Amino acid sequence: MDIRIRNYHLDGYGHVNHARYLEFLEEARWALFDQRDLLRFLEGIQLVVARIDICYRRAAVSGNVLRIENRVKELTARHLVLTQTIVLAESGKTAAEADVTLMPVAAATGRSMKFPESLLTPLNKLLL
């Protein structure tokens, strides 16, 4: 997924604020599920972010195009770890990289649950 940095993405220092990257990563996760036709398996399930470990490497500024790449790093019955890399498209250099741990939660109860097999199987096909 690509995102062009606009003026409203910038903070007072003239670069993308660290918190804005989290929004970009979330959009890329939804895009991944949409592109892989996985959204239909999420009825009644909320994917909750349990942990984000992010490393910022380079600043992004207005006009940059960021390419966000998603890779399934780890998958168990109860959690999914995605490695998400934000690359400056013009140079190919990494702006940020994150490991995001997602857990399935039953929407009706708010309780942690196992991934249903209908979702676990296609996610397994995305493992590194």
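Only the coordinates and a few stated rules stand behind these numbers; no lab work does. From a predicted model like this one, the values you see are computed outputs, not experimental measurements. Note that we place each Cβ from the backbone using ideal geometry, even for glycine, and neighbour counts take in every protein chain shown.
Assorted remarks:
- Against the chain, whose longest principal axis is taken from its Cα atoms, helix 18-35 shows a tilt of about 50°.
- A simple charge model with +1 on the Cβ of Lys and Arg, -1 on the Cβ of Asp and Glu and nothing else charged puts the dipole of the chain at about 160 debye relative to its Cα centre.
- Spatially, region 108-128 and region 67-88 are offset by 14 Å when compared through their Cα centroids.
- Other residues within the sphere of radius under 13 Å centred on the Cβ of LEU10, judged by their own Cβ, net out at +2 (K and R +1, D and E -1).
- Label of the coordinate-derived value, Rg and Dmax of the Cα atoms in Å, listed as [x] 15.6, 46; [y] 22.9, 68; [z] 18.9, 55: [x]
- Gaussian network model of the chain, Cα within-10 Å springs - most flexible of SER62, SER118, SER91: SER91
- ILE45 long-range amide H proximity, modeled H, under 5 Å: ALA107
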